[in-house]
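Worksheet for the structure shown next.
The values are calculated or read from the model by the stated rules, or taken from the named source; none is laboratory data. As the structure is a computational prediction, the values presented were derived from the model and not from experiment. FYI the Cβ positions are ideal-geometry reconstructions off the backbone, even for glycines, and counts take in every protein chain you see. Ligands, DNA and RNA are stripped out before the accessible areas are found, and what is left, the full protein with its side chains, is counted by its heavy atoms. Shrake-Rupley method; radii C 1.70, N 1.55, O 1.52, S 1.80 Å.
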Amino acid sequence: MALIEFGTSQIFTRHLMEDLIAWWGSYQQGGPVGSLSSSRKMMTEREHLLGNAADFNGGPMDDPPQIMARPDLRSSPENTIVDTANETDSLVPKEDPTYGSSAEGYEPSMHRTLEHPTTNLDTMIHLLKGNIGTGILAMPDAFKNAGLYVGLFGTLLMGAICTHCMHMLVKCSHELCRRLQVPSLSFDEVCYRSFESGPVGLRRYSKLARNLINMFLVITQLGFCCVYFVFVAANLREVVAHYFFDLHTRIYLLLLLIPMVLLNLVRNLKYLTPVSLIAAVLTLAGLTCTFYYMLQDLPNTHTVKPYATWAQLPLYFGTAIYAFEGIGMVLPLENNMKTPEDFGGWSGVLNTGMVIVACLYTAVGFFGYLKYGEAVKGSITLNLPGDQLIAQLVRIMMALAIFFSYSLQFYVPMSIINPYIRRNLQTVQSRQIGEYLARVALVLFTFLLAAMVPNLGAVISLVGAVSSSTLALIFPPLIEIVTFWPNGLGRHYWVLWKDIAIMVFGILGFIFGTYTSIAQILNPDLN
């Protein structure tokens, strides 16, 4: 006990001397004379940082200095805000009033480990192929519902808005990657993380937002599959009817069912690469021949209407947004690039590819409607002259190209549904059987929808109005608002007003486009 008291008194005496020295130094420098407790606090803090020889260990003065590690403020539990209202506690940097700021010095693209990164040319080809499908062949029908000049300028404007929304999504992805210090995020993860780290009142809806994204992605891709079913059946019917006999479109849908099921039982995307290459070559050849027919003997522009009625514009909107809806593949393409910094920018891969896509869509729509006028059909290939062999070959080539592209569109909903199957089934064999049954069931589902609504133009417009407008025009501006709220929305909140305008445009297109498309499906003769 005596030894303890002696040691304690010795430490107390040393601390008292340090307090007096600190007080006298403050007095000599002309500063305010602080209290002894504050002076002692300063000395204690210095001991922590410098590692005094007698640093709280009671060690002798001759021991080597023990440097204390500085705590990591980012991982400190005291530096986080826990949202008790959310189902899962959200940890957000405390120093940021905007609910999470960018981590300085972290560049997501520098931390990506890619086994086979894509070049700029590869990304450009994938971007073009992903945006050019049945939608481009339906653009003349879209111009019929808008008028020649409204369709011309409206398509270019639609392309600019959709491209801006793609940039918006990539920008939010980069911002959230820097905050979370992760290399990449998918579309649904960007939506989930933006809500999770956004305003406190919205964090509880983060899972709902992610589920909505996945739901609309599944609806969009299955809608594409329905359109593909109808497109292939309609073009095969035209060819067979010209040379042999005419059967109803539903008969061809039934004949296509078994080959479509077998093709979509292929689970590995690697084995679909040759099929995708064949589809790309057939599509390029078919479009070239289609332009050859469209540009021959063009009539005067006065032979078609310059603008359509207000009642027809929603059908144009649905078809146009269906054609431009490629936002679901923007992040996968950017995440897998060798030089992702070349994806954005004024002359980047995204702008270059979308300018080409917009010009192709506008050219096909403008010249296709000018050539065939009000007689234009849901797919321009159905308007090609039936008495020429090249025209029939174009129909067959495009039908085969779309048939082979079905499995690529089908891959997306299966990649979203698969985790639910694996979560509810335990053994490997049961999971494989469950996946195969799900594949067969989804193909049957798209077949039944296609058989119920063989009106190709109305189906395309409905899919575009319901799901494409939601993914391309509503969610990206909403994600940007939530991600950068409240201090990152520009001076006078101009970014907020811009995003609200795009969302209102998308919501109006969703409502009126869906209503008009369903009305035309129920009554095909409705003008």
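Take peptides 418-430, 216-228 and line them up by average Cβ neighbours within 10 Å, highest first, as a rough protection proxy.
Going from most to least packed, we get 216-228, 418-430.
Rounded to a whole number, what is D in µm²/s for segment 349-400 from Stokes-Einstein with the Kirkwood radius over alpha-carbon pairs (25 °C, 0.890 mPa s)?
196
From Cα coordinates alone, what are the radius of gyration and Dmax values for segment 159-202 in angstrom?
In order Rg, Dmax, the Cα atoms of segment 159-202 give 11.3, 35 Å.
Using θ = phi - 60° and the Karplus form 6.51 cos²θ - 1.76 cosθ + 1.60, what ³J(HN,Hα) does each residue of segment 339-348 get, whole Hz, x for Gly and Pro?
Going residue by residue, I get 10, x, 5, 8, 6, x, x, 5, 10, x Hz, with x marking Gly and Pro.
What residues qualify as long-range amide H neighbours of Gly488, i.e. H under 5 Å apart, gap of 5 or more or another chain, H built at 1.01 Å from N?
Those qualifying (amide H under 5 Å, at least 5 residues apart or on another chain) number zero.
By how many nm would the segment from Gln429 to Trp310 grow when fully extended, if each residue of separation counts as 0.36 nm and the alpha-carbon distance is taken off?
Length gained between Gln429 and Trp310: 37.3 nm.
Label point 7 Å out from Leu156 along Cα-to-Cβ: which residues of segment 484-527 have amide N under 11 Å?
none
Normalized C-alpha radius of gyration of segment 115-522, against 2.2 N^0.38 Å?
0.98
What ranking, highest mean first, results for peptides 393-404, 235-246, 478-489 when packing means the other Cβ atoms within 10 Å averaged over each residue?
In descending order of packing, they fall as 393-404, 478-489, 235-246.
At a 1.4 Å probe, what is the % contribution of carbon and sulfur to the accessible area of segment 344-410?
Ligands and nucleic acids excluded, carbon and sulfur give 73 percent.
For a label point 7 Å from the Cα of Val355 along Cα→C-beta, name the residues of segment 162-191 whose backbone N is under 19 Å from it.
162-168
Name the residues whose placed amide hydrogens come within less than 5 Å of the amide hydrogen of Thr118, ignoring near sequence neighbours (fewer than 5 apart) on the same chain.
Counting only residues 5 or more places away or on other chains, the set is Met337, Lys338.
Around Ser186, what is the net charge, scoring Lys/Arg as +1 and Asp/Glu as -1 over all other residues with Cβ under 12 Å from its Cβ?
Counting the neighbours of Ser186, the net charge comes to -1.
Distance check, please: which entries in Lys129/Lys498; Lys129/Lys377; Lys207/Lys498; Lys305/Lys371; Lys305/Lys377; Lys144/Lys498 exceed 19 angstrom between their Cα atoms?
In this structure, Lys129/Lys498; Lys129/Lys377; Lys207/Lys498; Lys144/Lys498 lie more than 19 Å apart at Cα.
What GluC sites (Glu not before Pro) does segment 105-213 have in DSSP loop regions with at most 12 other beta carbons within 10 Å?
Loop-located and lightly packed - Glu115.
Please report the accessible area of Leu152 (heavy atoms, 1.4 Å probe, ligands and nucleic acids excluded) in Å², nearest 10.
Leu152 exposes around 40 Å² with every protein chain in place.
In Å², and per residue, what accessible area does segment 115-522 have when probed at 1.4 Å with the other protein chains present?
Result: 43 Å² of accessible area for each residue.
What figure, in Å² to the nearest 10, do you get for the accessible area of Arg210 with a 1.4 Å probe and non-protein molecules left out?
It works out to around 70 Å².
Hey, what do the phi angles of segment 156-169 turn into as Karplus ³J(HN,Hα) couplings, whole Hz, using 6.51/-1.76/1.60 and θ = phi - 60°, x for Gly and Pro?
Each residue of segment 156-169 in turn: 5, 5, 4, x, 5, 5, 5, 5, 4, 5, 5, 4, 4, 5 Hz.
Taking the dipole about the Cα centre of segment 115-522, with the C-beta of Lys and Arg at +1 and of Asp and Glu at -1, give me whichever of Ile161, Phe244, Leu263 is farthest to the positive side.
The listed residue farthest towards the positive side: Leu263.
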